[in-house]
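J.: Input: one structure, supplied below.
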2 protein chains.
Amino acid sequence: MAELDIAEVSHRAGVPASTLRYYEERGLISSTGRRGLRRQYDPGVLERLALIALGRTAGFSLDEIALMFAPDGQPRIDRQKLAAKADELDNRIRELGVLRDSLRHAAACPAPSHMECPTFRRLLDAAASGGVAVPGRRVPGR
Amino acid sequence: MAELDIAEVSHRAGVPASTLRYYEERGLISSTGRRGLRRQYDPGVLERLALIALGRTAGFSLDEIALMFAPDGQPRIDRQKLAAKADELDNRIRELGVLRDSLRHAAACPAPSHMECPTFRRLLDAAASGGVAVPGRRVPGR
DNA sequence: CATTGACCTCAAGTCGACTTGAAGTAGAAC
DNA sequence: GTTCTACTTCAAGTCGACTTGAGGTCAATG
């Protein structure tokens, strides 16, 4: 079985068929042909989908991911971009670490009200001054 | 000057006026009155905005945050929820850590193509099997 | 040969958190 | 007293990644 049916791909990759069609439309994957109406895929699409999933979890947009494939379909992953994303992740991880520790402290804090807890207030100031970022926040000028 | 003008709040909190109106509409903050048309705010709104910002960076939705204020305006932060969010953050942090390490490895990997690098392939399998989560991904059945 | 059911296309809807635009108003400066 | 300007309301638009729905098609099953 060289060719996979869309249902097969959907099942194996754990991705809805609608998403496969969407990815195709966006140029992220391509079908090798049709059996009747139905899309057929090369088994390699599974690896490609894994790559896409990976990119998504690393925080790349679909557009960015699309650029990571050469026109011939071979992944052309820019090592610099990977390193940059790793650094980005590093920052986010550090932020989240601080946040987590502070949340835990606040959860265990004996102060009658959170507002009277110095740790909580410090956290608050950090958040207010934009020291910590929200992932999906739109930046002014975009 | 007990009362702050919306422009003042916007400036001090680093939040656009449109967002302040939006937060008011959502019941997250309230203005004490108007001078002419313009909203006036109690200085306490700044602390509240900081609290909102904090909640956002911790990954709470505006609806969740709204529930963290008692009707009287006093923050009523559920310590259990904080702890739960901390645990959630902990998981995410661990995932991101793995991802970061793998990205870094891939970036430095000597294999001619990423596909031939065992570390990269392992990472790929993890991503494919949904071992790592994308923050904003919609879960089936929601 | 007719039915079934899973696929197809294309347009439109969803979600959350805002932003933007049009049309109006009022305090303050001239 | 007029103009300026920063605010006001309300509806609609935006962004990314998909999902959903209506109406159509076709390989396989009976």
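The values are calculated or read from the model by the stated rules, or taken from the named source; none is laboratory data. Because the structure is predicted, anything quoted here is derived from the model rather than measured. In this analysis, Cβ positions are derived from the backbone assuming ideal geometry, glycine residues included, and neighbour counts consider all displayed protein chains. All accessible areas refer to the heavy atoms of the entire protein, side chains included, with ligands and DNA or RNA removed. Shrake-Rupley method; radii C 1.70, N 1.55, O 1.52, S 1.80 Å.
J.: I'd like the full set of residues that are within 18 Å of the chain's Cα centre (by Cα), at negative phi and part of a loop (DSSP other than H, G, I, E, B), limited to region A:4-38.
T.: Within region A:4-38, A:VAL15, A:PRO16, A:ARG26, A:LEU28, A:ILE29 qualify.
J.: Still on this structure, please answer the following. What number of residues in region A:44-77 are open to solvent by 30 Å² or more (accessible area, probe 1.4 Å) and within 9 Å of another protein chain (Cβ to nearest Cβ)?
T.: Matching residues across region A:44-77 total 6.
J.: A follow-up question, please. Going through region A:2-19 one residue at a time, which ones are within 13 Å of DNA strand D (Cβ to nearest atom) and more than 14 Å from chain B (Cβ to nearest Cβ)?
T.: A:GLU3, A:ASP5, A:ILE6, A:ALA7
J.: Quick one: count up the residues across region A:59-88 that are within 16 Å of DNA strand D (Cβ to nearest atom) and under 25 Å from A:ALA127 (Cβ atoms).
T.: So the count comes out to 3.
J.: On to the next question. A:GLY36 - would you say it is surrounded by 20 or more Cβ atoms within 10 Å (Cβ to Cβ), outside the structural domain of A:GLU88 (by TED's automatic domain parsing) and within 13 Å of DNA strand D (Cβ to nearest atom)?
T.: Here the answer is no, as A:GLY36 does not meet what is asked.
J.: Let me ask something additional. Output the number of the condition that A:THR19 fails; it satisfies all remaining conditions of (1) farther than 22 Å from B:SER113 by Cβ; (2) in contact (Cβ under 8 Å) with a residue 12 or more places away in the chain; (3) within 15 Å of DNA strand C (Cβ to nearest atom).
T.: Only one criterion is unmet by A:THR19, namely (2).
J.: Confirm whether B:ALA84 is within 14 Å of A:SER113 (Cα to Cα) and of a type outside the set (Val, Ile, Thr).
T.: Numbers: within 14 Å of A:SER113 (Cα to Cα): no; of a type outside the set (Val, Ile, Thr): yes.
Considered against the rule, which asks whether it is within 14 Å of A:SER113 (Cα to Cα) and of a type outside the set (Val, Ile, Thr), B:ALA84 comes out as no.
J.: Return yes when B:GLU88 is in contact (Cβ under 8 Å) with a residue 24 or more places away in the chain, part of a helix (DSSP H, G or I) and surrounded by fewer than 18 Cβ atoms within 10 Å (Cβ to Cβ) and no when it is not. Steps first, answer last, please.
T.: Working: in contact (Cβ under 8 Å) with a residue 24 or more places away in the chain: yes; part of a helix (DSSP H, G or I): yes; surrounded by fewer than 18 Cβ atoms within 10 Å (Cβ to Cβ): yes.
Taking the combined requirement at face value, the residue satisfies it.
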